[in-house]
Every structure is written in structure tokens, then in C-alpha cells.
Amino acid sequence: MSNITDLGVAQLRDGVRDGAFSATEVATAFNDAVAKAKPLNAFIVETPEHALAAAKAADDARAAGETPKPLAGVPIGMKDLFATKGVQTTAASHILEGFTPPYESTVSQRLWDAGAGMLGKLNLDQFAMGSSNETSYFGNVISPWRRNDGGNAPLAPGGSSGGSSSAVAARIAPGATGTDTGGSIRQPAAFVGISGIKPTYGRCSRWGVVAFASSLDQAGPMARDVRDCAIMLEHMAGFDPKDSTSLDLAVPKWEAGLSGDLKGKRIGIPKEYRVEGMPEEIEALWQQGIAWMKDAGAEIVEVSLPHTKYALPAYYIIAPAEASSNLARYDGVRYGQRALPEGANLQDMYAATRAAGFGDEVKRRILIGTYVLSAGFYDAYYTQAQKVRTLIAQDFENAWTVCDLLLTPTAPSAAFALGEKSADPLAMYLNDVFTVPSSLAGLPAMSVPGGLDKSGLPLGLQIIGKPLDEQGVLNASLAIEERAGFTARPEAWW
Amino acid sequence: MTESTYRIQGDTGEWEVVIGLEVHAQVTSNAKLFSGAATAFGAEPNSQVSLVDAAMPGMLPVPNKECIRQAVRTGMALGAVINKWSRFDRKNYFYADLPQGYQISQLYHPLVGEGTLEISLDEKDPEAFTKTIGIERIHVEQDAGKLMHDQHPTRSYVDLNRSGVALMEIVSRPDMRSPAEAGAYLSKLRSVLRYVGSCDGNMDQGSMRADVNVSVRKVGDELGTRTETKNVNSVRFVMQAIEFEARRQVEVLESGGRIVQETRLFDPDRGETRSMRSKEDAHDYRYFPDPDLLPLVLDDAFLDACQASLPELPDAKRRRYESDLGLSAYNAAVLTADADTARWFEALLAESARVQKKGEQEVARAAANWLISDLFGALNRLGKGIDESPVSPEQGAELLALVGDGTLSGSLGKQVFEIMLETGDAPGKIVEERGLKQTSDTGAIETVIAEVLAKNPNQLEQYRGGKEALFGFFVGQTMKAMGGKANPAVVNELLKKALAG
């Protein structure tokens with residue numbers, strides 16, 4: 001038998017169910033792997049006792065002859081944006097350092113209810129703002145991948161769900177939760193050669209998830225393959241009356257519906273996604289993806305999404321605008337860090353607390369957001385961006401008249417080295433160019449590994465679907481997965 | 001419609017005052033606008049605070065349907081346009097009583113659009129001087145918490161019990177021209193809200209408060225620059241604030257100054273307003289649609305149910321009291337001004353008609369007079385509201401029936417009522433136990449009269465000699481001798497006979 005930590009969510013679930021190994025063995029193996037992987041800095045808090053407790057419950061239930069819970073025996077990593085009762089929740093910020101919620105987010109509670117255990121709270125870009133996991137107060141997450149040039153430049157695991165991507169790719173967690181506002185599940189998944197899906201906006205409750213941009217934030221799973229993502233998503237999604245934007249719909253049986261047969265499906269190739277300066281390897285992978293789609297029985301159609309180029313600017317108005325307001329609650333009055341200089345009044349306390357508590361990227365976005373909402377600029381920026389958002393949604397609506405799904409690259413490049421782009425926010429923002437439009441339209445979208453670039457680093461392909469068609473997205477992604485035969489994995493150096 | 005003649009007399013002539021009110025009315029509801037926390041007044045600090053109200057990370061607002069329903073019903077009662085599509089916006093500013101760092105309100109698309117409120121300026125004759133005040137809009141929003149600066153020498157404490165409580169902001173047009181009109185508007189609005197049941201109108205508990213916009217101009221001129229005096233919490237203070245502010249503005253303008261658009265505070269102890277902050281350091285609230293909330297879309301079934309649930313409103317009730325019950329305009333106005341009074345009166349009326357086996361219109365006047373003079377008089381003396389009356393409408397009806405059928409004389413009735421107030425006993429029981437029943441027993445009365453005449457031979461002689469004014473003397477003596485229990489009509493009749501010899 002192979003190493004337990006080499007197994008994914010489905011295999012662990014089935015193995016525990018069949019008695020091939022105990023849940024406690026699984027939890028112990030992953031707890032050990034987490035403990036050994038400190039150089040990755042993927043976790044902010046480790047919770048081995050939580051994983052063991054869930055494992056014991058699973059083993060006891062099995063011994064008692066009870067029907068196993070759907071995720072019994074599966075320990076996962078929880079992005080530290082989800083509030084976890086009794087476990088520090090920071091959004092990777094200093095301002096929330098030491099904050100221990102007296103409540104559990106809906107998504108994490110659903111996973112625990114399904115029998116999953118928690119390995120720990122995963123590092124991320126501060127308040128989920130970033131594409132490289134370099135904005136965390138708790139330090140950069142390092143990708144487990146290295147370039148094949150013999151160098152050992154530490155690479156970015158992508159962001160903002162960088163702890164999640166790094167942990168899953170390094171086999172120290174079989175699956176992890178992520179959140180995606182403009183690509184924060186898909187881009188890190190692509191950077192480390194794993195799968196990740198952002199479902200339709202409203203599928204997963206946002207209750208108990210530290211808010212970045214409310215109209216865009218959406219939770220989703222990150223795991224080693226499409227099936228594992230389908231399993232996890234089934235136990236994350238679902239209507240929640242505590243979230244007004246939650247969709248009151250039954251959760252489909254996505255795992256049972258998996259099929260890589262795309263006969264009768266029309267796959268759209270949006271011509272506007274062929275951006276200037278995109279590496280040839282990305283273009284080549286895209287062409288390869290098209291071939292795989294055809295091979296799976298799909299028909300390929302070229303489509304136009306004419307407003308694509310306005311998506312990124314619109315996103316970088318709307319998301320910071322919402323963030324500037326969402327983050328106003330971190331004021332040092334009720335929880336988290338408080339800076340109270342000698343003789344400070346209330347305003348001084350706010351200023352000192354927020355100056356010390358927020359990192360530079362968070363401050364930058366609060367400033368941008370405050371600016372675009374301010375009197376005299378609101379119409380020129382925010383209102384205009386909302387109009388663009390409507391047009392982008394219409395672009396997709398038009399595309400759905402000629403195709404069922406869209407195939408694009410996930411990111412315009414492979415993983416870059418830490419520090420390579422952190423000095424240039426605009427270059428960093430460009431990483432989201434392929435993922436942002438579907439976020440603005442609230443569509444389900446998934447990244448799956450397609451292959452490696454010439455440096456031996458993973459590249460991802462993205463499938464975008466119609467609202468609520470997670471099944472179509474998962475199936476097309478599965479068709480790629482079945483043909484890509486992506487087995488590359490980082491060699492452990494940590 | 002009545003044109004106001006209220007003017008401020010300045011050195012340069014007469015000035016007209018232009019007033020608009022923004023009334024914040026707390027919605028009557030068991031839970032807050034976006035959370036399930038309770039809303040009771042006077043609870044221990046921070047005992048009615050949910051995770052949402054404290055703006056904990058990741059918490060989300062969910063609209064409370066009851067609050068929306070009450071605001072819609074209020075709009076309907078004011079004849080206002082109900083917007084089937086409305087939306088919540090965030091008003092962003094930092095303050096320690098505002099945990100989210102923004103207030104959820106409605107700037108761009110309020111729930112309720114234009115309506116009107118008719119005010120009357122003469123309570124003796126409500127139809128004589130009326131004026132229609134325009135309502136611009138009503139929107140719903142969250143209240144803030146409360147800061148307490150007097151609990152500790154160096155610290156301020158925050159009480160979040162009010163944080164997130166639902167308010168209706170009812171914005172009038174600048175249609176009022178005198179403190180009296182503003183007072184009448186506020187009183188009438190309060191009356192309508194209490195009828196509808198959407199706000200208890202308790203200004204002393206902060207359930208209702210007004211931001212007062214005042215400007216002055218020479219008659220016929222363009223509107224002047226206005227100031228806004230915040231959070232004035234009684235009708236009297238609103239009138240005081242307007243009067244002070246209008247005079248202040250006239251003085252500023254006449255001494256060559258100009259009015260600064262600013263926010264002011266009212267000091268009830270001094271009866272003055274003073275500057276709080278000027279437009280220059282006004283907040284930029286950065287309003288934008290709240291992305292945590294979907295637009296509020298109301299369907300016809302909901303609106304129909306709201307409409308059907310509206311009670312008879314004060315103006316309609318007042319007119320009905322006059323036309324159907326035959327009450328005077330003044331009595332009808334007094335009885336309908338407050339929902340509790342009208343409810344009490346209607347219970348009294350129904351019970352009176354039932355026990356006296358008469359039509360409501362036959363017993364209405366006596367019931368109205370007794371309620372307005374006797375009951376109100378007693379409640380005033382006791383410092384109680386009608387909802388705290390020690391006498392129930394049923395007991396009142398019983399008392400009126402006893403007077404109506406002659407069991408009690410008017411003065412005995414008052415005596416019994418006093419005992420009812422003290423003991424809470426039913427009038428029948430009091431009459432029975434204390435033997436207060438009026439007597440019409442002619443034999444008994446004749447006996448007493450004979451004694452009275454015998455004891456007062458001088459007066460009898462004078463009377464018979466033509467001094468008929470002494471009749472009252474004999475009535476008094478007879479009543480006194482009978483402990484007030486004789487039927488006065490019978491006494492009169494028998495006395496006349498006896499005196500005639």
C-alpha cells in the first residue's frame with residue numbers, strides 16, 4: 001500500500017469505510033506530515049487534536065456499525081478566512097491576531113457535520129487580498145514546487161488561497177477549503193498543479209467567512225482531482241437563511257453525476273482571452289485543451305466576450321470599494337488588536353489600530369475603495385464599474401446561446417518567484433485577468449492541471465460554466481484530467 | 001388649506017420661517033432590522049446584542065420581514081407610494097457606537113415614496129384650519145448603539161442594545177411655516193404611527209425623535225440656507241428649537257452675516273441650539289448599495305395583506321364620531337387624537353350600549369363627556385395614561401348605566417367614581433355595599449321634607465311671602481338630610497307641593 005498521505009479525499013473516504021485503514025491512522029499520518037512541513041508555512045494554526053477527534057468519532061461509529069458519514073476519515077485544511085469556533089481566526093492579518101470566534105462558519109460546520117476533521121487553519125493573503133500569498137502577516141507561504149533549473153528560488157503558491165494550494169500539492173492535506181473573489185481558488189490551484197472550483201455565487205454560504213468583497217466572495221474546495229472537489233463541494237454548498245445572498249436550491253449529487261463524456265457539449269473558446277505577451281506555452285496548452293475537448297466528444301466554437309478587457313479595471317474598483325466598507329469594523333473597539341497611544345482619543349485609536357493592524361496591500365485597497373466611493377468620484381468609478389459588470393455578465397449570456405461551457409487558461413503565467421512581482425501591484429493584479437470575468441458574472445469556474453511548462457512548473461486550464469452548472473464544469477474538467485494524465489508532483493525538500 | 005401668518009419681526013421687516021422635519025421612528029418589532037436580537041427598552045446594557053449587531057467578522061444581515069411590513073403599512077397610512085423595488089445602501093463612517101463602521105440605510109431607492117399628512121391647527125374645530133404637509137419619502141435603516149460618558153472618569157462605555165434596531169426615517173417636505181405647524185405635524189404623525197402600530201411614539205424613550213431643518217427668508221424670496229438641528233425628542237422642544245433657530249438666523253442675516261449650512265444640537269435646559277459641525281467638516285458617507293443584501297422586492301399579495309391590516313385612521317374616525325355618533329367636533333378630536341383613547345372609548349361605547357340596551361349613538365354623548373371630563377380629569381390628577389387607568393371600560397359603562405337609569409344622581413355618580421378609582425371595585429358593588437343608591441321613595445322624601453319645613457319656619461314664611469329664591473335652600477337642606485341619595489327630580493316635585501302648602 002502506498003503512503004496514506006499520497007491518497008486523496010475519495011480514496012481516504014473509501015479506505016476508511018472499507019476498513020483498509022482507520023481514520024485515526026489517516027489523521028495521524030497527515031498531522032505528522034503537517035508538523036514536518038513547517039518550511040512551507042502553509043498553516044497559521046495547526047489543530048491535530050481536532051483532526052484526531054473527528055477520526056476517533058469516525059472509528060467509533062464504524063466500530064458501532066453505524067453508517068459512516070460522507071467525509072468520515074477525511075482530514076482537511078481550513079483556510080483561515082473561515083471562522084472556527086474556539087480556534088484563532090485571523091484572515092492572515094495582525095488586526096485579528098488572537099481573535100477566537102465563539103461561532104463556526106456555515107461552510108466549515110457543514111464539513112464537520114459530514115465527518116471531516118481539521119488539520120489546521122491555512123495561511124492566505126491578508127484578508128484574501130493578493131495573488132501570491134505574500135501579503136500575509138504570518139509570512140509568505142512557499143510553494144512545494146521548484147523550477148527544474150536546479151535553482152531553489154522559492155516560488156509563489158498563488159493567492160489568496162496559497163496555504164490551501166501549497167498544503168494540498170505538498171500532500172500534507174488531501175483537500176482544503178479556499179475562497180475565490182477574483183481567482184483566489186483557481187489561480188493558486190493552477191500554480192501548484194491541483195484542482196479547485198469556485199461554484200456559482202450563492203452556492204456556498206458566506207456566513208462566518210471574513211468578508212473581502214461581498215458581491216464576489218465565494219467558497220470552494222481545492223483538492224488533487226476533480227472527483228475530490230465534487231465530493232467536498234457537496235458538503236460545503238447549500239442554502240443558508242443566515243446569508244441573504246445564499247441560493248435556496250438543493251445541492252446536486254455532483255460526484256454521482258461525474259462523466260468525462262462531452263458528446264453533445266459545445267465548448268466556447270473566447271478569442272479575447274488571447275492576451276498580449278502571454279507565453280507560448282500557455283497558448284500551446286490551451287490548444288492541447290481544445291484537442292482534449294474534441295477527443296471527449298465536444299464541439300468547439302469560437303466565441304466573443306467583447307468586454308473582457310474592462311473586467312480587470314472594473315474588478316479593481318468594485319472589490320476594493322466593498323472591502324473598504326467591509327473592513328471598517330476592524331476598529332479596535334470590540335475584538336482583535338487595539339493600539340492605544342498615550343493620550344489617544346477615539347479617532348487616534350482608530351488610526352493607530354488600523355495603521356498597525358493592516359498590511360500594505362490591505363491599506364492600498366482600502367484607500368482605492370475609499371477613493372472610488374467618495375463624493376464626486378462615485379459615478380465615474382463605482383457606477384461605471386457596475387455598468388461594466390452588467391455588460392460582462394451579458395457577454396457570457398450571449399456566449400451561452402452558442403456554447404455550454406468555456407475553455408480558457410487559468411492564469412497568464414506559471415508560478416513566479418516570491419518577490420518577483422510584489423513590488424509592482426499592477427503586474428500582480430494582471431494575474432487575475434482570466435479568472436476575474438467569471439467572478440464578476442458569478443459563474444462557476446474550475447481550474448485543472450493541464451501540464452508543465454519548460455521549467456517543470458504546472459499550468460492550469462479553466463472551465464467556466466453557466467450559472468448553477470457546476471456539473472458541466474466538473475465534467476469538462478474531468479475530461480481534461482482524464483486526458484492530461486497529470487501525475488507530476490513536487491519533490492519533498494521541506 | 002391655511003396660510004400661516006407666523007412671522008419673525010426683524011429690524012428690516014418680517015421674515016418667514018421654512019421648516020422640514022426628518023422624523024426617526026423606531027419600528028415596533030420584537031427583533032432588530034437585520035438580526036434576531038431583542039429590542040426591549042431599558043434592558044441591561046449589551047444584553048440584546050447578536051453577533052451581527054456587534055459586527056463580528058463574517059456576520060451577515062438578513063432583513064426582518066416584520067420591520068419591512070410595518071414601514072409599508074406606515075407608508076400606506078400616509079397615502080404614500082410604496083416602492084415594490086427598493087434597496088439598502090451603506091452609509092460609511094467611523095464611530096464607537098457603530099460597530100460595522102457603516103449604517104445600513106436606504107439612500108438611492110427608499111421603500112416608501114411621496115405621501116401626505118393633514119394637520120389641523122385648531123383643536124376646538126379641527127376642520128377649520130388645516131394644512132397638508134408633503135412627505136417626501138420613508139426609508140428604513142439601522143439605529144446606532146449608545147455611548148455612555150458618565151460611567152467612569154476616563155473611559156466611555158458602549159451599549160449596543162440599540163445597535164441595529166429598525167428605524168423609519170420619515171422625511172417631510174419643507175412645507176411648515178411656524179413652530180405650531182411643526183408641532184401639529186409631529187403630534188399628528190405620532191398619532192398615525194400609534195394607530196398603525198408601527199411605532200410606540202414614546203419620545204422620552206427615544207422611540208421617536210426629529211431632525212429639524214430650519215431656514216428663514218423674506219416673504220416671496222427664494223429658500224434660504226438651512227441648518228439641521230439633530231435628535232430633538234419632544235414636540236415642545238421641536239417648537240422651541242425652531243423658534244430659537246429662526247430668531248438666531250434672522251439676527252445673523254440682519255447683522256450682515258450669512259447662514260452656514262451646518263448640523264446643530266438642541267440644549268433643552270437653555271432652550272438653545274448650538275453648532276455641532278459645519279458642512280466643511282461634514283462626513284463623506286460614501287453611500288453605495290449594500291452587497292450583503294439583495295434588492296427588496298415586494299409582491300402584490302404582501303402589499304394587499306399590509307393594506308388589509310390597516311386600522312381606521314384618526315381623521316376618518318373623527319369624522320365618523322361626528323357624523324354617526326353625533327359628537328361635537330372638539331370631543332371627536334380629543335377622543336381620536338390618540339389610538340389608546342379611541343380604543344378605550346370604543347370599548348366603553350360598546351359596553352354602554354350593551355348594558356343599557358340602547359344604540360351606540362344614544363349613549364355616545366354621555367360616554368364621551370364622562371371620559372373627557374371625569375376620567376381624563378382623574379387620570380391627570382393621578383399622572384397616569386389611559387392605558388394605565390385603574391377603571392376599566394366595562395366598569396365605566398356600568399357606572400354610566402347606573403346614572404342613566406337614575407340609580408345614581410350625577411353627584412352620587414362622581415362619588416362612586418372616586419371610590420372606584422381608589423378601590424378598583426365595580427360601581428354596582430360600591431353602591432350596594434355603601435348604600436349609595438339614589439332614592440325615589442316619595443314617602444321617605446315627604447317625611448324628610450316635612451321635618452325640614454318644621455325646622456325652618458322663618459324661611460318658610462319668607463318663601464310663602466314671595467321670596468321664591470329660597471327654593472334652592474330647601475332643596476339643599478332636603479338633600480343634605482337624605483345624605484345626597486334622594487332623586488333630585490322627585491325632591492323638586494315634592495318640595496314644590498309642600499311649600500305651596
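In table form, for the structure just shown:
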| item | result |
| --- | --- |
| Filtered residues of the stretch B:130-172 (kept if exposed (fewer than 15 other Cβ atoms within 10 Å of the Cβ) and part of a loop (DSSP other than H, G, I, E, B)) | B:His149, B:Asp150, B:Gln151, B:His152, B:Pro153, B:Thr154, B:Arg155, B:Ser156 |
| Hits in the stretch B:386-413 - residues which are over 19 Å from B:Trp344 (Cα atoms), touching a residue at least 40 places away in the same chain (Cβ under 8 Å) and exposed (fewer than 15 other Cβ atoms within 10 Å of the Cβ) | B:Asp405, B:Gly406, B:Ser411 |
| A:Ser205 more than 14 Å from chain B (Cβ to nearest Cβ) and buried (at least 24 other Cβ atoms within 10 Å of the Cβ) | no |
| Odd one out for B:Ile119 among (1) of a type in the set (A, V, I, L, M); (2) buried (at least 18 other Cβ atoms within 10 Å of the Cβ); (3) closer than 25 Å to B:Phe288 by Cβ | (3) |
| Test result for B:Leu310, out of contact with any Ser or Thr (no Cβ under 9 Å at 6 or more places or on another chain) and surrounded by 20 or more Cβ atoms within 10 Å (Cβ to Cβ) | no |
| Some residue of the stretch B:371-379 being among the aliphatic types (A, V, I, L, M) and closer than 22 Å to B:Gly435 by Cβ | no |
| Among the residues listed as B:Val81, B:Val27, the single one being away from chain A (no Cβ under 14 Å), among the aliphatic types (A, V, I, L, M) and surrounded by fewer than 24 Cβ atoms within 10 Å (Cβ to Cβ) | B:Val81 |
| Top-ranked residue in the stretch A:344-369 [being within 11 Å of chain B (Cβ to nearest Cβ) and small (Gly, Ala, Ser); ranked as farthest from A:Ile317 (Cα to Cα)] | A:Ala351 |
| Residues (modelled with pLDDT under 95 and of a type in the set (A, V, I, L, M)) located in the stretch B:200-222 | B:Met203, B:Val219 |
| Entirely in the stretch A:399-473, the strands (runs of 3 or more DSSP E) that have 3 or more residues that are farther than 29 Å from A:Arg365 by Cβ | A:445-452 |
| Pair list, Cβ under 7 Å, 6 or more apart: the stretch B:72-96 residue assigned by TED's automatic domain parsing to the domain that holds B:Ser156, other residue among the basic types (Lys, Arg) | B:Asn92/B:Arg286 |
| Among residues of the stretch B:84-116, those that are farther than 27 Å from B:Asp299 by Cβ and more than 14 Å from chain A (Cβ to nearest Cβ), counted | 0 |
| Pair list, Cβ under 8 Å, 6 or more apart: the stretch B:475-501 residue surrounded by 16 or more Cβ atoms within 10 Å (Cβ to Cβ), other residue among the acidic types (Asp, Glu) and assigned to a helix (DSSP H, G or I) | B:Ala481/B:Glu451; B:Leu494/B:Glu446; B:Ala498/B:Glu446 |
| Segments classed as helices (runs of 4 or more DSSP H), wholly inside the stretch B:450-501, with at least 1 members that are closer than 21 Å to B:Val431 by Cα and of a type in the set (D, E, K, R) | B:471-481 |
| Residue within the stretch B:52-59 that is surrounded by fewer than 20 Cβ atoms within 10 Å (Cβ to Cβ), acidic (Asp, Glu) and at pLDDT 95 or above present | no |
| Residue match in the stretch A:214-229 (condition: farther than 25 Å from B:Asp292 by Cα, crowded, with 24+ Cβ neighbours inside 10 Å, more than 12 Å from the chain's Cα centre (by Cα) and hydrophobic (A, V, I, L, M, F, W, C)) | yes |
| Count - residues of the stretch B:295-316 that are within 14 Å of chain A (Cβ to nearest Cβ) and either assigned to a loop (DSSP other than H, G, I, E, B) or over 30 Å from B:Gly101 (Cβ atoms) (or both) | 1 |
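Yes or no, residue by residue, for (1) of a type in the set (Gly, Ala, Ser); (2) closer than 30 Å to B:Thr28 by Cβ:
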site	(1), (2)
B:Gly197	yes, yes
B:Asp211	no, yes
B:Ser215	yes, no
B:Asp221	no, no
B:Asn231	no, yes
B:Arg236	no, yes
B:Arg270	no, no
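The values are calculated or read from the model by the stated rules, or taken from the named source; none is laboratory data. It should be emphasised that the depicted structure is a prediction, and the values quoted were computed from it without experimental measurement. In this analysis, Cβ positions are derived from the backbone assuming ideal geometry, glycine residues included, and neighbour counts consider all displayed protein chains.
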